[in-house]
Amino acid sequence: MSVIINRDKCNGCETCVSVCPFTAIEIKDGKAFINEYCQICMACITACPEGAIKEIPEEGTQQSAISYQPSAYKGVWIFAEQREKDLASVSLELLGVGRRLADELRAELSAVLFGAAENNAHELIKWGADKVYHAKDTIFEKFNDEPYSKLLVRLINDYKPAIVLAGATLIGRSFIPRVAARLRTGLTADCTSLEIEKETGNLLQIRPAFGGNIMATILCPNYRPQIATVRPRVMKKGEYNPDRKGELIAVNAENLACRTKVIETVKETSECKVNLQEADIIIAGGRGIGGTKGFELLTELAESLGGTVGASRAAVDEGWIPYSHQVGQTGKTVCPKIYIACGISGAVQHLVGMQSSDIIIAINKNPEAPIFNVATYGIVGDIFEVLPLLIKKIKELKA
């Protein structure tokens, strides 16, 4: 959408100037004028006493309410994120959940890929996509909100998918809200689970709410597409089939007028080498560890297993271990093969960050601790008695 001023109706009262939060309106020759800072917030439209300001549709925006028909939207799309021309792991996770949803709806699963090499598009098909819409123009080599959002909106309006999924990454969080706003549809951010409502076929978008104290199920029944960003590492990757065939559709990205240009991207450097999201084995400690000496024990166990040390927020807040080790809603979301929770009670804020682990082993002296409800195996006991025995046994087996 765009905003225009009918100069015949405008009387230069400056009401719109005072309400604009972006200083995007000025008075020229006694009439209001909208400059390049306009963010289409629409505040001026309701404020104008003369009705001189109105919004008009432009290419790439949602259809009018009269012609808009949700039933015309079919299929599931995932946005395949790429970094430095290689697929991000969240793209494969989205293909996994997207394939499941598409099968339930008996619909096609498509992937949208901007800026990566063509071999990556073929990889998406092997990971489960039926179609891949691929734009390899140089404008997508460096991430920029404007061309990404404009082209995705154009594709959605042309092909009308019912569901669009993207990763809740820095890239997804940045440009997907622009897409939803341009399409005038809903967006549920940071989902940890997705299901199909059997009666209606609507997407059930599940995410933590109220500080993680409840899990909210959000629907968008009246508008399409249904858009959600998905927290990385909470979904399983799809099945890889090297012989799988699909359709590759080349996308023309011409005429994408952009006001900004990314000159350079600078990577943040950190002394921390902890990479919880890629770890296969995580040994995590909570308040029940008791202090830094407890984490020394966890570190010894992690080293013997070739794993990484994690922590709950309680342990981080106590200052026993740096924030980079934190697992949970306000930390990292992980999906290791083995997750050993030591002295962790199992608050929902922590569970949303680790409950997709293949095997969860809980060690806690409280037999009623909620962590046992999600654990594959549970040990009721004091960690300072259990862990030394476990470390000793592992070392004996290795020897």
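The values are calculated or read from the model by the stated rules, or taken from the named source; none is laboratory data. Just so you know, these numbers come straight off a predicted model, no measurement behind them. Cβ: placed from backbone, ideal geometry, glycine included. Neighbour counts: every protein chain shown. Note: areas computed on protein heavy atoms with side chains; ligands, DNA, RNA excluded. Shrake-Rupley method; radii C 1.70, N 1.55, O 1.52, S 1.80 Å.
Figures for the structure shown
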| quantity | calculated |
| --- | --- |
| Simple Cβ-charge dipole of the chain, Lys/Arg +1 and Asp/Glu -1, about Cα centre, in debye nearest 20 | 340 |
| Cleavage-rule hits (trypsin sites (Lys or Arg not before Pro)) in region 296-346: DSSP loop, at most 15 neighbouring Cβ within 10 angstrom | 337 |
| Two-site FRET efficiency, residue 215 against residue 46, from Cβ-Cβ distance with R₀ of 45 Å, rounded to 0.05 | 0.80 |
| Summed residue charge, Cβ within 14 Å of residue 225's Cβ, Lys/Arg positive, Asp/Glu negative | +4 |
| Solvent exposure of region 270-398 as accessible area per residue, Å², 1.4 Å probe | 50 |
| Sulfur and carbon atoms: percent of accessible area, the chain [1.4 Å] | 51 |
| Choice from 242, 336, 21 with maximal GNM fluctuation in the chain (Cα, 10 Å cutoff) | 21 |
| Region 2-56, accessible area per residue, ligands and nucleic acids excluded (1.4 Å, Å²) | 61 |
| Qualifying GluC sites (Glu not before Pro) for region 222-305 [loop in DSSP, other Cβ within 10 Å: at most 12] | 239, 254, 264, 268, 271 |
| Helical contribution to [θ] at 222 nm, DSSP H n ≥ 4, -39,500 (n - 2.57), averaged over the chain, rounded to 500 | -8000 deg cm²/dmol |
| DSSP-assigned coil residues among chymotrypsin sites (Phe, Trp or Tyr not before Pro) in region 239-328, each with at most 16 further Cβ atoms within 10 Å | 240 |
| Sequence ranges 73-85, 44-56, ranked by mean other-Cβ count within 10 angstrom, highest first | 73-85, 44-56 |
| Between region 180-245 and region 130-161, the Cα center-to-center distance that results, in Å | 20 |
| Farthest toward positive dipole pole in the chain [+1 Lys/Arg, -1 Asp/Glu at C-beta], among 378, 75, 105 | 105 |
| Residue of 324, 89, 18 that the Gaussian network model of the chain assigns the largest fluctuation, springs spanning Cα pairs under 10 Å | 18 |
| Point-charge dipole on Cβ atoms (K/R +1, D/E -1) for region 242-316, about Cα centre, debye to 20 | 320 |
| Around residue 307: net Lys/Arg minus Asp/Glu count, Cβ-Cβ under 12 Å | -3 |
| Burial order of peptide ranges 348-358, 198-208 (average beta-carbon count within 10 Å, highest first) | 348-358, 198-208 |
